[in-house]
Amino acid sequence: MEKSLFDFPLRKIIHLDMDAFYASVEQLDHPEWRGKPLVVGGNESRGVVAAASYEARKFGIFSAMSSALAAKKCPQLIFAKPRFERYKEISSQIQEIFFEYTDLVEPLSLDEAFLDVTENKLQLNSASLIATEIREKIKLKTGLNASAGISYNKFLAKIASDLNKPNGQALILPEEAAAFLEKLPIGKFFGIGKVTAEKMRQIGIHCGKDLKEYSLQYLVKRFGKAGAHYFQIVRGIHLSAVQPDRTRKSLSAENTFEKDLFLPHELEEQLQAIYEELLRRSKKTGIRGRTVTLKIKYNDFSQQTRSKTFDQFPEDELLWQTALELLNQESFTKPIRLLGLGVSNFSEGDPPLSIPEQLPIPF
């Protein structure tokens, strides 16, 4: 007999997501930029958009777009250099507010996090009220807007936070989940990317209702292990708990060059600077990894990675020699716009997720 979502633990989960965070910080600190199309990252001729203000998004400009294309879409576009120390400063202020309500906070990045408020420090029954209070406190403390999604698991809370952006919130109740997911376009499912969504459309899956018609066996055969995940989420089942001790999976440093590079001595010179920055971050955090990965992005925006794994953590000199080895592993045929160097594989494995106990859910 097929299980329903009510056969699994239900929690009160909030997904808090800052609205156009990097761009909003720049507009906050530069009043003359408010109300104007602005992006963080790159310039008129090169680079990649890291964040776009809502004014810029009206021109069809989004994160990960090439800055040159963004400039073509909006000639009056303002380009702001990233100031990550400033973003981290504000992010810390925001997280302080989260911890007023619960210690079960799982940051996903500087501008978003999951909160489990099933049992909270202020003993408030309403997760929706908590989300509203948090958003109001963020506005008061930082001057920035946040959106929130509230539901009984992380998957649906994440989807809900996008429903009323910017500066809004949405609630998906357990009894509403099935009908909501059946109508949801497949490309809106959190965790289903553009490539997978297109593969699904090719076999007639355009929304949750279509996905729900396929058996577990078929989805696993077609999509591998992810098929089981798709089978569960379309039924509103997602067992991942909020992980307050969420561990970092990798540590890296990278640089996008002012001009494309091709000559070996230029690439080695840039790689050394990136290696030294990675080393600085490693010593600051105490993080070391057994897998060394070189990231290469070419001038046509295609990307390649080269990796090597050791039985033990490589010492500094071996890390540098490995970086050089990966760089010179094969000749380059195209100019390079970005190099990155990272370490991962910190431990033998991640701890298993704990499954919370069933509790009543008055949202």
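Taking Asn299, is it modelled with pLDDT under 90, buried (at least 16 other Cβ atoms within 10 Å of the Cβ) and under 30 Å from Leu69 (Cβ atoms)? Walk me through it before giving the result.
Values: modelled with pLDDT under 90: yes; buried (at least 16 other Cβ atoms within 10 Å of the Cβ): yes; under 30 Å from Leu69 (Cβ atoms): yes.
Criteria met by Asn299.
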For segment 23-68, what are the residues that are loosely packed, with under 13 Cβ neighbours inside 10 Å and either of a type in the set (S, T, N, Q) or within 18 Å of Ala146 (Cβ to Cβ) (or both)? Ser45
For residues that are at pLDDT below 95 and either under 13 Å from Lys12 (Cα atoms) or part of a strand (DSSP E or B) (or both), tally how many sit in segment 121-138. 3
Number of positions in segment 248-265 that are surrounded by 14 or more Cβ atoms within 10 Å (Cβ to Cβ) and either outside the structural domain of Asp300 (by TED's automatic domain parsing) or out of contact with any Pro (no Cβ under 7 Å at 6 or more places or on another chain) (or both): 7
Look through Ala56, Ala80, Ala127 and report the one residue that is closer than 18 Å to Asn167 by Cβ, touching a strand residue (DSSP E or B) at 6+ places or on another chain (Cβ under 6 Å) and in contact (Cβ under 8 Å) with a residue 24 or more places away in the chain. Ala56
Are any residues in segment 51-98 assigned to a loop (DSSP other than H, G, I, E, B) and under 21 Å from the mean Cα position of the chain (by Cα), and if so, which ones? Ser53, Gly60, Ile61, Phe62, Ser63, Ala64, Met65, Lys81, Pro82, Arg83
Exactly one of Glu96, Glu85, Glu55, Glu89 is in contact with a Leu (Cβ under 8 Å, 6 or more places away or on another chain) and not aliphatic (A, V, I, L, M), and that residue is Glu55
Inspect all residues belonging to segment 214-223 and state whether any of them is surrounded by 15 or more Cβ atoms within 10 Å (Cβ to Cβ) and outside any helix (DSSP H, G or I). yes
Count of segment 136-146 residues which are farther than 17 Å from Gln27 by Cβ and either of a type in the set (A, V, I, L, M, F, W, C) or crowded, with 21+ Cβ neighbours inside 10 Å (or both): 1
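The values are calculated or read from the model by the stated rules, or taken from the named source; none is laboratory data. Note that the coordinates shown come from a computational prediction; the quantities given were computed from them, not determined experimentally. Here Cβ is always computed from backbone atoms with ideal geometry, including for glycine, and neighbour counts include all displayed protein chains.
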